[in-house]
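A short worksheet on the structure shown next.
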Amino acid sequence: MPEIIVKPSDLKELWEMLPGLPAARRYLAGGTDIVTADNAGAESSECWIDISGLPELAAIKETAGALFIGSGVKISEIENSKAARKWCPALAAAIPHFASPSLRNMATLGGNAANGSPCADGVCALVAEGAYVLLALKGKKRRLPLRELFLGPKRTALKKDELILAFEIPKRPHAGVYLKLGPRAYFGISKAAVALTAELSGGTIKRAVVALGSVAPVPLLAVKTSAWLAGRQLSPQTAAAAAAMVKAEVSPITDTRSEAQYRREMCGVLLERALGGLR
Ligand SMILES: Cc1cc2nc3c(=O)[nH]c(=O)nc-3n(C[C@H](O)[C@H](O)[C@H](O)COP(=O)(O)OP(=O)(O)OC[C@H]3O[C@@H](n4cnc5c(N)ncnc54)[C@H](O)[C@@H]3O)c2cc1C
């Protein structure tokens, strides 16, 4: 635990206090990743900036064209949001797979993204939702497609002190599925996960986005498979062909949780099931 923990009450106070803080500093949101890293001796900051009280990060808001989920919104709040369930069905489907109810009361969506893990369930689902991430560093703001935030395992495009403000999800009626293969049904890091969103017209897939977790250095957008699915009939044949295609798009590794070849095979199985589960 660092010696200094500060807690600004709003964004203005945060930007004002930054120059006076030790250079080795990090943000603290729900603490479920950073405190775990600290306990494991893998965190050496001199200062944590507790952003859990920043009102600017705390809300879920709607405009005519988009849903905005503040980076400080807890996973459990998303679970309870009617708007999030309506406009982000893949994200809503991912939440029951996210750790445990008590952890979901602490963990934030912003922390899930900033941590940069290829296994992050919220992030994988949001990539399939076509989300953008809104960032701020003092007066400077920028907006990126969420998938561009990730550069490699635990590496993001965030600049020093840059803060994730919110996630912007375009409002489009669509269906969404999230399937996660872990060591047990719930409460485990995934071996592989598939998020699928799709716009359907009768039995035809007008548009589909496939994202995968834990099978590449970053949460992966399966560009080729997603493009191939557009305009196809939703059928067992389509699902089988998409499953074969997605296996060529992933680049899993063997680690303590699983083997590369098994993960690759399971990406196909999960996508086939996800397509079968579309309604
Ligand atoms: C037992 C356990 C089970 C877990 N299970 C899952 C699971 O099933 N699925 C899953 O996806 N994750 C899981 N996690 C990981 C973790 O809970 C999530 O990644 C969580 O969303 C992190 O959010 P947080 O608010 O706790 O982040 P914190 O720990 O507070 O922060 C994580 C990192 O993000 C940075 N950060 C936080 N917020 C911002 C921001 N707004 N802008 C810029 N940087 C920021 C911090 O500086 C830090 O580097 C689990 C963790 C534990 C301990």
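Restricting to the range 258-279, count the residues that are touching a Pro at 6+ places or on another chain (Cβ under 7 Å) and at pLDDT below 95. Summing the residues that are touching a Pro at 6+ places or on another chain (Cβ under 7 Å) and at pLDDT below 95 in the range 258-279 gives 1. Helices (runs of 4 or more DSSP H) fully within the range 50-150 that include at least 2 residues being more than 11 Å from the ligand (Cβ to nearest atom): 75-79, 82-87, 89-94, 121-128. Do we find that ALA185 is under 16 Å from LEU270 (Cβ atoms) and without any contact (Cβ under 8 Å) to a residue 40 or more places away in the chain in this structure? In short, yes. Quick check on ALA42: is it more than 9 Å from the ligand (Cβ to nearest atom), assigned to a loop (DSSP other than H, G, I, E, B) and either basic (Lys, Arg) or not assigned by TED's automatic domain parsing to the domain that holds MET106 (or both)? So ALA42 fits the description; yes.
Among the residues making up the range 190-226, those that are among the hydrophobic types (A, V, I, L, M, F, W, C) and over 21 Å from the mean Cα position of the chain (by Cα) are LEU200, ILE205.
If the condition is being among the hydrophobic types (A, V, I, L, M, F, W, C), without any contact (Cβ under 8 Å) to a residue 40 or more places away in the chain and outside any loop (DSSP other than H, G, I, E, B), then the range 1-39 contributes MET17, LEU28, VAL35, ALA37.
The values are calculated or read from the model by the stated rules, or taken from the named source; none is laboratory data. Keep in mind the model is a prediction, meaning the values are calculated, not measured. Cβ coordinates were reconstructed from backbone atoms using ideal geometry, including for glycine residues, and neighbour counts include every protein chain displayed.
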